[in-house]
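To start, the structure under review is shown below, and the notes come after it.
The values are calculated or read from the model by the stated rules, or taken from the named source; none is laboratory data. As the structure is a prediction and not an experimental result, all values here were calculated from the model. Here Cβ is always computed from backbone atoms with ideal geometry, including for glycine, and neighbour counts include all displayed protein chains.
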Amino acid sequence: MIVVTGATGTIGRALIDRLRAAGTAVVAVVRRPEQGESLGCDYVVGDFDRPETIGTALSPGDRLFLNSSLWPGFVHRYREVIDLARSAGVGQVVKVSVRGAEPGALLGGGMHGEVEAHLKASGLAWSILQPVGFMQNLPAEVSFQDGEGRFYGSYGPGRVGYIDARDIADVAAVLLTRPVGADQTYVLTGPEAPTHDEIAAAVSGALGRTVRYIDLPVGELTGHLERQGLPGPVAHDLAELMAQVGDGRWSTTTETVEALTGRPPRSLARFLTDHTAAFRL
Ligand SMILES: NC(=O)c1ccc[n+]([C@@H]2O[C@H](COP(=O)([O-])OP(=O)(O)OC[C@H]3O[C@@H](n4cnc5c(N)ncnc54)[C@H](OP(=O)(O)O)[C@@H]3O)[C@@H](O)[C@H]2O)c1
């Protein structure tokens, strides 16, 4: 059986769709029953904050897709779930991480780095997906005022190979349905790495409205993010992370999506065509 955590999330929903379309048996882990009903597949109610609720859903030989958003208890709870998966005799764990994850890195990079280390030491068979930023973040980042859209960052002229999260789901579906292979980390990117000015131009073209990228120094972006409601330390680390990414560390693209799925990753243009309605004009 394939057990999918984070099933109501961006990747999770796309993964469930892929697996169901292929007629593959899947169990979604959801926090509330009505979420399971909306997915239209078998489900169990489980919460990472109560690891035993996920542990009891696991049987020998299951293949576990391990994913959720981040919260302060993330590392501790993920370690517990990994230990329960080991005890249950799970046959493979496919975990979503982030490119460049390592203990001590900023924000999710550090948390994922610690969980990766625990998973690798667990004795379980593992595949780790390390995507860069998702194209799906864009609609929420662009805000419109007086007919003009803006989004903010500290990337400078740095290029980023943003990925369409549907491609992460496609990769996960392949890894969860083919025979379990060697433990491996897969760095996942889109097909090209635009600058943020180029992204703004592409969004402008797709929406037929002017959208501009506003680049700010880390200190100013921190204040901007705080005014949007982020706690100060998180706002600072997020701005700092953008500046780090701007040094080019996410500017290279990989062939991994195509190698695993047999087709190139979706382009930004394709994403924008499919998600025009998600922008709040
Ligand atoms: N966004 C990016 O640009 C980016 C880039 C690289 C890596 N990542 C990684 O991608 C992952 C997020 O994937 P995503 O965007 O598909 O997720 P998402 O859309 O944010 O959805 C989060 C999912 O996690 C579930 N969840 C949250 N807390 C939970 C808990 N305590 N117990 C059980 N389920 C819980 C949510 O369930 P509910 O519906 O019940 O809330 C939901 O299904 C993170 O690990 C992040 O670090 C993101």
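Filter segment 68-100 down to residues that are within 24 Å of Gly190 (Cα to Cα) and either surrounded by 16 or more Cβ atoms within 10 Å (Cβ to Cβ) or of a type in the set (Val, Ile, Thr) (or both), then give me how many there are.
Restricting attention to segment 68-100, the residues satisfying the condition of being within 24 Å of Gly190 (Cα to Cα) are 68-70, 93-100.
When the remaining residues are screened for being either surrounded by 16 or more Cβ atoms within 10 Å (Cβ to Cβ) or of a type in the set (Val, Ile, Thr) (or both), the result is 68, 93-100.
Residues that pass the stated criteria total 9.
Can you report the number of residues in segment 6-15 which are crowded, with 24+ Cβ neighbours inside 10 Å and either assigned to a strand (DSSP E or B) or near the ligand (Cβ under 8 Å from one of its atoms) (or both)?
So the first thing to find is which residues in segment 6-15 are crowded, with 24+ Cβ neighbours inside 10 Å, and the list is 7, 11-12, 15.
Of the ones still in play, those that are also either assigned to a strand (DSSP E or B) or near the ligand (Cβ under 8 Å from one of its atoms) (or both) are 7, 11-12.
Residues meeting the conditions: 3.
Name the single residue, out of those in segment 40-50 being near the ligand (Cβ under 10 Å from one of its atoms) and in contact with a helix residue (DSSP H, G or I) (Cβ under 8 Å, 6 or more places away or on another chain), that is farthest from Ser68 (Cα to Cα). Break it down stepwise before answering.
Let us first name the residues in segment 40-50 that are near the ligand (Cβ under 10 Å from one of its atoms), namely 45-50.
Add one more test, that the residue is in contact with a helix residue (DSSP H, G or I) (Cβ under 8 Å, 6 or more places away or on another chain), and what stays is 45-49.
Details: Val45: 14, Gly46: 12, Asp47: 10, Phe48: 9, Asp49: 11 Å.
For segment 40-50, the residue satisfying everything is Val45.
Tell me the residue from Gly100, Gly109 that is within 13 Å of the ligand (Cβ to nearest atom), touching a residue at least 40 places away in the same chain (Cβ under 8 Å) and part of a loop (DSSP other than H, G, I, E, B), please.
Working: Gly109 fails: part of a loop (DSSP other than H, G, I, E, B).
Of the residues listed, the single one that is within 13 Å of the ligand (Cβ to nearest atom), touching a residue at least 40 places away in the same chain (Cβ under 8 Å) and part of a loop (DSSP other than H, G, I, E, B) is Gly100.
Looking at (1) out of contact with any Leu (no Cβ under 9 Å at 6 or more places or on another chain); (2) surrounded by fewer than 20 Cβ atoms within 10 Å (Cβ to Cβ), which one does Gly205 not meet, given that it meets all the others?
(1)
Considering Pro157, Pro103, which residue is surrounded by fewer than 21 Cβ atoms within 10 Å (Cβ to Cβ) and closer than 29 Å to Asp197 by Cα? Break it down into steps so the answer makes sense when it comes.
Values: Pro103 fails: closer than 29 Å to Asp197 by Cα.
Unique residue meeting the criteria: Pro157.
Which residue out of Ala165, Ala173, Ala200, Ala169 is in contact (Cβ under 8 Å) with a residue 40 or more places away in the chain and either over 27 Å from Leu260 (Cβ atoms) or polar (S, T, N, Q) (or both)?
Numbers: Ala165 fails: either over 27 Å from Leu260 (Cβ atoms) or polar (S, T, N, Q) (or both); Ala173 fails: either over 27 Å from Leu260 (Cβ atoms) or polar (S, T, N, Q) (or both); Ala169 fails: either over 27 Å from Leu260 (Cβ atoms) or polar (S, T, N, Q) (or both).
Every option except Ala200 fails the conditions.
Taking Val257 as the residue in question, decide whether it is at pLDDT 95 or above and under 27 Å from Phe144 (Cβ atoms). Write out each step before concluding.
Numbers: at pLDDT 95 or above: yes; under 27 Å from Phe144 (Cβ atoms): no.
When the stated conditions are applied, Val257 does not pass them.
Looking at Ala235, Ala243, which is the one that is modelled with pLDDT of 95 or more, in contact with an Asp or Glu (Cβ under 6 Å, 6 or more places away or on another chain) and part of a helix (DSSP H, G or I)? Quick ask: steps written out before the conclusion?
Details: Ala243 fails: in contact with an Asp or Glu (Cβ under 6 Å, 6 or more places away or on another chain).
Sole residue among the options that is modelled with pLDDT of 95 or more, in contact with an Asp or Glu (Cβ under 6 Å, 6 or more places away or on another chain) and part of a helix (DSSP H, G or I): Ala235.
Mind counting the residues in segment 174-208 that are aliphatic (A, V, I, L, M), more than 15 Å from Val245 (Cβ to Cβ) and in contact with a helix residue (DSSP H, G or I) (Cβ under 9 Å, 6 or more places away or on another chain)? Before you say what the answer is, go through the steps one by one.
Initially, segment 174-208 is screened for residues aliphatic (A, V, I, L, M), giving 174-176, 180, 182, 187-188, 193, 199-203, 206-207.
Narrowing the set further to residues that are more than 15 Å from Val245 (Cβ to Cβ) leaves 174-176, 180, 182, 188, 200-203, 206-207.
Keeping just the survivors that are in contact with a helix residue (DSSP H, G or I) (Cβ under 9 Å, 6 or more places away or on another chain) gives 174-176, 188, 202-203, 206-207.
Residues flagged as aliphatic (A, V, I, L, M), more than 15 Å from Val245 (Cβ to Cβ) and in contact with a helix residue (DSSP H, G or I) (Cβ under 9 Å, 6 or more places away or on another chain) within segment 174-208 amount to 8.
So which residues in segment 18-37 are assigned to a helix (DSSP H, G or I), within 22 Å of the chain's Cα centre (by Cα) and either of a type outside the set (A, V, I, L, M, F, W, C) or within 14 Å of the ligand (Cβ to nearest atom) (or both), if there are any at all? Walk me through it before giving the result.
Restricting attention to segment 18-37, the residues satisfying the condition of being assigned to a helix (DSSP H, G or I) are 18-21, 33-37.
Filter once more, keeping what is within 22 Å of the chain's Cα centre (by Cα): 18-21, 35-36.
Passing the criteria: Arg18, Arg20, Gln35, Gly36.
Inside segment 121-140, can you point out the residues that are surrounded by 14 or more Cβ atoms within 10 Å (Cβ to Cβ) and outside any strand (DSSP E or B)?
Taking segment 121-140 first, the residues surrounded by 14 or more Cβ atoms within 10 Å (Cβ to Cβ) are 122, 124-136, 138-139.
Those that are surrounded by 14 or more Cβ atoms within 10 Å (Cβ to Cβ) and outside any strand (DSSP E or B): Ser122, Leu124, Ala125, Val132, Gly133, Met135, Gln136, Leu138, Pro139.
Can we say Ala169 is surrounded by fewer than 16 Cβ atoms within 10 Å (Cβ to Cβ), closer than 23 Å to Gly9 by Cα, modelled with pLDDT of 95 or more and among the aliphatic types (A, V, I, L, M)? Steps first, answer last, please.
Numbers: surrounded by fewer than 16 Cβ atoms within 10 Å (Cβ to Cβ): no; closer than 23 Å to Gly9 by Cα: yes; modelled with pLDDT of 95 or more: yes; among the aliphatic types (A, V, I, L, M): yes.
Judged against the criteria, Ala169 is not a match.
Listed here are the residues, each with its yes/no results for (1) surrounded by fewer than 16 Cβ atoms within 10 Å (Cβ to Cβ); (2) in contact with a Ser or Thr (Cβ under 9 Å, 6 or more places away or on another chain).
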{"residue": "Val211", "(1), (2)": "no, yes"}
{"residue": "Leu216", "(1), (2)": "no, yes"}
{"residue": "His236", "(1), (2)": "no, yes"}
{"residue": "Arg266", "(1), (2)": "no, no"}
{"residue": "Arg280", "(1), (2)": "yes, yes"}
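Of the residues Glu226, Glu192, Glu198, which single one is among the acidic types (Asp, Glu) and part of a loop (DSSP other than H, G, I, E, B)? Walk me through how you get there before you give the answer.
Working: Glu226 fails: part of a loop (DSSP other than H, G, I, E, B); Glu198 fails: part of a loop (DSSP other than H, G, I, E, B).
From the options Glu226, Glu192, Glu198, the qualifying one is Glu192.
Name every residue in segment 117-134 that is within 16 Å of Ala182 (Cβ to Cβ), away from the ligand (no atom under 11 Å from the Cβ) and not polar (S, T, N, Q), in order of residue number.
Selection gives Leu119, Lys120, Gly123, Leu124, Ala125, Trp126, Ile128.
Gly61: out of contact with any Asp or Glu (no Cβ under 9 Å at 6 or more places or on another chain), more than 8 Å from the ligand (Cβ to nearest atom), more than 30 Å from Thr252 (Cα to Cα) and modelled with pLDDT under 95, yes or no? Break it down into steps so the answer makes sense when it comes.
Numbers: out of contact with any Asp or Glu (no Cβ under 9 Å at 6 or more places or on another chain): yes; more than 8 Å from the ligand (Cβ to nearest atom): yes; more than 30 Å from Thr252 (Cα to Cα): yes; modelled with pLDDT under 95: no.
In short, no.
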